[in-house]
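These notes are about the structure you will find just below.
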Amino acid sequence: MAEELRIKNGDKQEMYETLLPQIASLVGNETDLIANMANVAAALKQTFGFFWVGFYRVIDNQLVLAPFQGPIACTRIKYGKGVCGTAWKETRTIIVPDVDAFPGHIACSSASRSEIVVPVIWADKVIAVLDIDSDQPDSFDETDQIFLEKIVELLPHQ
Ligand code: SME
């Protein structure tokens, strides 16, 4: 496992392309989901400096806060609620360019301006979501979606 994350200063695609194999090797030899979520959140935060990066796990039919990097956040989100609960319900990635324009957005922090939520899907079931918040509007696009979906697929299944 690499001891230090290599960060490429280029465009978003180049940065993800540099990050992806490093995440593969970080999580490839570890079976514990929480440990892997912790390193994925840290690697994304370190590379891109996002305002908030973290996971919520599906536990007893709710999303429960899991490893994250950034300010404290809401601990539980109900099915279908907020961006996270909607991504869980609809089993798809949701990009929100302006959080104020998303009906039912849950504001864990007033500094958040845009957001992307990617479901972690194992055997057709959402077991968690990866949530990333930016303090700038319109921070996320298809490139983020493509690479973040690849990144969550790398999490070793249990
Ligand atoms: N904004 C999210 C809640 C989680 S925080 O952003 C960390 C939502 O609407 O689901």
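The values are calculated or read from the model by the stated rules, or taken from the named source; none is laboratory data. The model shown is predicted, which means the values in this text are computed figures rather than measured ones. So basically every Cβ, Gly included, is an ideal-geometry build from the backbone, and we count neighbours across all protein chains shown. The accessibility values were calculated without ligands, DNA or RNA, using every heavy atom of the protein model including side chains. Shrake-Rupley method; radii C 1.70, N 1.55, O 1.52, S 1.80 Å.
Total residues in the range 103-143 satisfying the condition of being crowded, with 21+ Cβ neighbours inside 10 Å and of a type in the set (D, E, K, R): the figure is 3. Tell me whether the range 97-105 contains one or more residues that are within 24 Å of TYR16 (Cα to Cα) and in contact (Cβ under 8 Å) with a residue 60 or more places away in the chain. Within the range 97-105, not a single residue is within 24 Å of TYR16 (Cα to Cα) and in contact (Cβ under 8 Å) with a residue 60 or more places away in the chain. If you go through the range 27-78 and pick out every residue that is crowded, with 16+ Cβ neighbours inside 10 Å and without any contact (Cβ under 8 Å) to a residue 24 or more places away in the chain, you end up with 3. Where strands (runs of 3 or more DSSP E) fall entirely within the range 50-158, those with at least 2 residues that are closer than 28 Å to ASN29 by Cα and within 12 Å of the ligand (Cβ to nearest atom) are at 52-59, 62-69, 114-122, 125-134.
Report, by residue number, each residue of the range 144-158 that is open to solvent by less than 40 Å² (accessible area, probe 1.4 Å) and modelled with pLDDT of 95 or more.
Answer for the range 144-158, where residues must be open to solvent by less than 40 Å² (accessible area, probe 1.4 Å) and modelled with pLDDT of 95 or more: ASP144, PHE147, LEU148, ILE151, VAL152, LEU155.
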